[in-house]
């Protein structure tokens, strides 16, 4: 399927089981505008509702940036005044929630800069893969911005309190190697092999059983919640559905026959 721009600055493409959401504002290091945040829930929903899509990938156009955060040129219009700030924060929150709560796995494919809101967006994804020469930073303390509690909480959940305190209070830049050690990213590859390695990694996820992926994603989402808020029954129901599926039989047959399984999501 040819690339299609569904919202301002975000392109949508679906092929071979993968939905690609590309933040496309390379002249501004793929900084996110209000309209781009607002477009994210609809784009995620489109990927969720496409039976052919098994994994969603969020990435940035070009090699310079995944996302440099919010487009600060909009702050005068979109983040000045109580009502404007509230509307902007609601759009950002809805976009991040859509990514975090997606029914299908979401992978952040990071090349170049992932700063501020861009890193927060990547942390909403289930997996983050990056090139070794990527750079990561949360510069709120250098800009005088208030960094949302939900974003702090998400960072602590991913990498722990100590590393989170370091990154937020120092506002320093972290390279790809340190980001992998800290757990900001799950895996990195050298810049010269990144494109091919990332493509193979994403394809491997897309080749797995869709019902199992959905059950795993549900469980991952629920574990991030307080115990009293977890939908354990919903997660268990998706697990049970896997064992009733044709794909479960196909997986066993493929294992016995030493071949690649052909999963259909049924």
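Throughout, read-outs are computed from the coordinates displayed, never taken from laboratory work. Predicted model only: the values in this text are computed from it and were never measured. Quick reminder, even Gly has a Cβ in these numbers, built from the backbone with ideal geometry, and neighbours come from all protein chains shown.
With the cut-off at under 20 Å, measuring from each backbone N in the range 141-183 to a point 7 Å along the Cα-to-Cβ line of residue 86 picks out 146-150.
Relative to the longest principal axis of the Cα atoms of the chain, helix 34-48 runs at roughly 0 degrees. Seen against the Cα atoms of the chain and their longest principal axis, helix 210-223 is set at about 40 degrees. Helix 82-100 and the longest principal axis of the C-alpha atoms of the chain enclose an angle of approximately 30°.
What number in nm² do you get for the chain if you take the convex hull of its Cα atoms and divide its surface by four? Mean projected area for the chain: 15.1 nm², to one decimal.
Annotation for residue 13 and residue 28: the two label points, set 7 Å from Cα along the Cα-Cβ direction, are 2.3 nm apart. Kindly identify the range 151-266 as rounded, prolate or oblate by the Cα gyration tensor criterion: order the square roots of the eigenvalues as a ≥ b ≥ c, call it rounded if a/c is under 1.5, otherwise compare a/b with b/c, prolate if a/b is larger, else oblate. Oblate, because a/c is 1.5 or more while a/b does not exceed b/c.
Classify the range 210-257: rounded, prolate or oblate, from the alpha-carbon gyration tensor (a ≥ b ≥ c, eigenvalue square roots; a/c under 1.5 rounded; otherwise prolate if a/b is larger than b/c)?
Details: a/c = 4.25, a/b = 2.79, b/c = 1.52.
Prolate shape, in that a/c is at least 1.5 and a/b is the bigger ratio.
Remark: 28, 218, 266 ranked as 266, 28, 218, counting other beta-carbon atoms within 10 Å and listing the fewest first. Quick one: grab the alpha carbon gyration tensor of the range 154-208, order the square roots of its eigenvalues as a ≥ b ≥ c, and give me rounded if a/c is under 1.5, else prolate or oblate depending on whether a/b is larger than b/c. Verdict is oblate for the range 154-208. Fewest-first ordering of 136, 194, 255 by other beta carbons within 10 Å of each residue's beta carbon gives 255, 194, 136.
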